[in-house]
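What follows is a set of notes on a single structure, which appears directly below.
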Amino acid sequence: MYFMLGDIALEAIDLTEFSETHAAEFAEHAVLKGKPRLQAMGEKLNELSFAIRLHHKIGGVESRYQALLTAKAEQQALALIWGRGKYKGDYVITQLSSTTLFTDKYGNALCREMNISLKEFVGDMDDGLLGDALNFGSGSLLGSILPSGVVSTLSTVKQAVSRGVELYNQGKRLVNEVQDTMTVIRQFANDPATALGYLPLALRNLDGALGSFGEITGLSNTLSGLSDLLPSAVKFSHKIDDIYTDLQIMKDSFTNASGNDWSNWFTPADNALSAVNDSFDNLAKPVAEMTAWIVLRADDEPDTEKDNDDTDLA
């Protein structure tokens, strides 16, 4: 089972370690005789605690770890999504503890196991990743933007948007892997022969990323036609084309690499990677809006997951 906290992908280690606390607040008033009287004051904020894993096969370990530390230090409120896109609310990180399980030979962490404690956040989410998206349209991302007659095709549209976001996150994780490999390669600028030994790994992840973003381009006709329903999907579709082009530049540079022309293959690849990261930054809000749209559409549908689970147990 996987979690998304903001845009950070997390893998749950063992759901038996998951704890959830719900509480109510009461004021106690003493009386002259007899027991005190209680006055209901409202609910307390929910608290969650669970164990998670950051593994290099899911995405960049150190980049996600630093993102969690930054969110904690800046008291950022992040949307929590788990399972099949279920939005569980907005939370802040109150405590983090981490253990590095193993590293590569250069000391880069390849797997961390962590315990994380979250507290529910109630308020404006303007500064959070999904804040604008989840507050879009007066509490409903759909709002009043649904044009007449679109309901009959909404399921097909949702499948396309959901697949696009899934492929985007998958491709982005692979690009993070490529970036981690390039960080190692950069250390061997004066030892090109050793640097070239890391290219097969980079190319393998790069091919995977190209496959993911290439599949998104196949959805461009559907996504580009959502200017009235979901404008962020149109921007998303156009920006994916730029990402795919830059990734192809990286692949061409790696494929033609040799030990005698470091600047002719590494520099173009590094510049293309910077352009890809800029595109990721520009897509943060559109992807957040698309994710929120999917989540809110899921909330509008019957929850058959529990029914299916009950059927399996029967």
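Tell me, what % of the accessible area of the stretch 40-120 is carbon and sulfur with a 1.4 angstrom probe?
Answer for the stretch 40-120 is 45 percent, counting heavy atoms of protein chains only.
With a ≥ b ≥ c the root eigenvalues of the C-alpha gyration tensor of the stretch 143-291, is it rounded (a/c under 1.5), prolate (a/b larger than b/c) or oblate?
Prolate.
Run the Debye formula on the Cα coordinates of the stretch 31-90, all scatterers equal and no solvent, and tell me log10 I(q)/I(0) at q = 0.16, 0.28 1/Å.
One equal scatterer on each Cα of the stretch 31-90 leads to -0.74, -1.32.
With θ taken as phi - 60° and the coefficients 6.51, -1.76 and 1.60, list the Karplus ³J(HN,Hα) couplings across the stretch 161-172 in order, rounded to whole Hz; mark glycine and proline as x.
5, 4, 5, x, 5, 4, 5, 4, 5, 5, x, 5
Order these peptides, 224-234, 182-192, by their mean beta-carbon neighbour count within 10 angstrom, highest first.
Averaged packing, sorted descending, gives the order 224-234, 182-192.
Give me the one-decimal nm value for the distance between modelled label points at residue 281 and residue 105, 7 Å along each residue's Cα-to-Cβ direction.
Using points 7 Å along Cα→Cβ, the separation is 3.5 nm.
The values are calculated or read from the model by the stated rules, or taken from the named source; none is laboratory data. Please read these numbers as outputs of a predicted model, since none were measured by experiment. As a convention, Cβ positions derive from the backbone with ideal geometry for all residues, glycine included, and neighbour counts pool all protein chains shown. Accessible surface areas use protein heavy atoms only, side chains included; no ligands, DNA or RNA. Shrake-Rupley method; radii C 1.70, N 1.55, O 1.52, S 1.80 Å.
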